[in-house]
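Student: Handing you a structure now.
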Amino acid sequence: MLVGHLAGHSRSYLQRLIRGGRVLVDGQPVSKPGALLEGGEWVEVNLPAPTPTNLIPESIPLDIIFENRDLVVVNKPAGMVVHPSAGHDVGTLVHAVLAHAPDIRGIGGEIRPGVIHRLDKDTSGLILLAKDDGTHRFIQAQFKAREVEKVYLALVDGAPPTPAGRIEAPIGRDPRHRKRMAVQTPGRGRDAVTVFHTQERFAEHTLLEVRPLTGRTHQIRVHLAFLGCPIVGDTVYGRRRPSLPLKRQFLHAARLTLRIPGEAQPRTFDAPLPPELESILEDLRDPSGKL
């Protein structure tokens, strides 16, 4: 019942409130989340103020594509980790957004931005962060229903077997290298679907527009390597020595289309290729052969 009346909060968060004695029925605290009501009771919910996070905001420059009271859309640079984790407890995108947007209302009872989806450290481009639980749940539901259109640009070594195509190959943890993912045999791993088409063909490389229809870890990188055309600069799934003078993988989240709270029609956000990637393409197009 509470989920329907407090749609801006997750079910797990409301369950914590119940267990913490913050939900009263006719003045008495309820101890079990599944307690049944007969009808006509007075239900009172005491929502605590969001608690400060233990993360320290950091004033790191950000390329903000869009921002309102609900969310912020950032063009993340390559080299920046999205979320704090082991070995990355400072300098992340979350730390930067905390400093940039002090009006964040909090996620899960804590004053911090909500990461809705993620990008690898060395992938640049668009990423969304919610400022409150309601926005986080609203957009997360679209990702789960595969209603969000994500478009990436990837420069690969060689070329795929066909100029355009659809890859349907399950992805799971690589049993030989636990930090890597791999295409699995049918019945194992999680379903993963990627579509692609060629944007530009070079002598030894191909620029692809890639649309992942699912959101598995390292999906685009794994699927393109599976086709035999790994992403340039991807030393995990591709060549150990990059075929072009690039210190990162040539993968960029270029476009996102989705609905945002308060708007009936989907909105599209775009992020241009960063200079180091655009420079690689210019050199490939140069008949003088700078590369």
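Student: What are the residues whose amide H is under 5 Å from the amide H of PHE202, where those residues sit 5 or more places off or on another chain and H is modelled from the backbone?
Tutor: Amide H neighbours of PHE202: LEU207.
Student: Normalised by the residues of region 132-291, what does the relative contact order come to in percent, with Cα pairs under 8 Å and at least six apart?
Tutor: 24 percent
Student: Report the per residue volume, in Å³, of the convex hull enclosing the C-alpha atoms of region 229-268.
Tutor: Taking the convex hull of the Cα positions in region 229-268, it is 101 Å³ per residue.
Student: Also, quick follow-up: Using the structure shown, list the pairs from LYS121/LYS247; LYS76/LYS247; LYS150/LYS247; LYS76/LYS131; LYS144/LYS179; LYS76/LYS150 with a Cα-Cα distance above 21 Å, or answer none.
Tutor: Exceeds cut-off: LYS150/LYS247; LYS144/LYS179.
Student: GluC sites (Glu not before Pro), restricted to region 66-157: which are DSSP loop and have at most 13 other Cβ atoms within 10 Å?
Tutor: In loop regions of region 66-157 (DSSP not H, G, I, E or B), the sparsely surrounded GluC sites (Glu not before Pro) are GLU147.
Student: Sticking with this structure for a sec: How would you rank SER85, SER124, going from fewest to most other Cβ atoms within 10 Å of each one's own Cβ?
Tutor: Taking fewest neighbouring Cβ atoms as first place, the list is SER85, SER124.
Student: Still on this structure, please answer the following. Please rank SER59, SER243, SER279, fewest neighbouring Cβ atoms within 10 Å first, as an exposure proxy.
Tutor: Exposure proxy ranking, most exposed first: SER59, SER279, SER243.
Student: Taking K and R as +1 and D and E as -1, what net charge do the other residues with C-beta under 13 Å from the C-beta of GLN184 add up to?
Tutor: Taking every other residue near GLN184 into account, the sum is +3.
Student: Same structure, new question: For region 229-291 and region 114-188, what is the separation of their C-alpha centers, rounded to whole Å?
Tutor: Here the answer is 15 Å between Cα centres.
Student: Let me ask another. Taking amide hydrogens as modeled 1.01 Å from N in the peptide plane, which residues meet the under 5 Å criterion relative to ASP63, leaving out close sequence neighbours?
Tutor: It is ASN75, by chain and number.
Student: Of ASP132, ASP89, how do they rank once you tally other Cβ atoms within 10 Å and put the fewest first?
Tutor: Least crowded to most crowded, the residues run ASP89, ASP132.
Student: Select from region 177-271 those chymotrypsin sites (Phe, Trp or Tyr not before Pro) which occupy a DSSP coil region and have at most 15 other Cβ atoms within 10 Å, ordered by residue number.
Tutor: Filter output for region 177-271: PHE202.
Student: May I have the convex hull volume per residue, in Å³, for the Cα set of region 146-291?
Tutor: It is 130 Å³ per residue.
Student: Read phi for every residue in region 174-184 and hand back ³J(HN,Hα) as whole Hz from Karplus 6.51 cos²θ - 1.76 cosθ + 1.60, θ = phi - 60°, with x for Gly and Pro.
Tutor: Here the 3J(HN,Hα) series is 6, x, 8, 9, 5, 8, 10, 10, 7, 5, 9 Hz.
Student: Are there trypsin sites (Lys or Arg not before Pro) in region 137-211 that DSSP puts in a loop and that have at most 13 other Cβ atoms within 10 Å, and which ones?
Tutor: ARG146, ARG176, ARG188
Student: Next up: What does the C-alpha gyration tensor say about the overall shape of region 50-145? Classify as rounded when a/c is under 1.5, otherwise prolate if a/b is larger than b/c, or oblate.
Tutor: The shape class here is rounded.
Every number in this text was worked out from the coordinates using simple rules, so none of it is lab data. From a predicted model like this one, the values you see are computed outputs, not experimental measurements. Because the Cβ atoms are built from the backbone with ideal geometry, glycine has one as well, and the counts that use them run over all protein chains shown.
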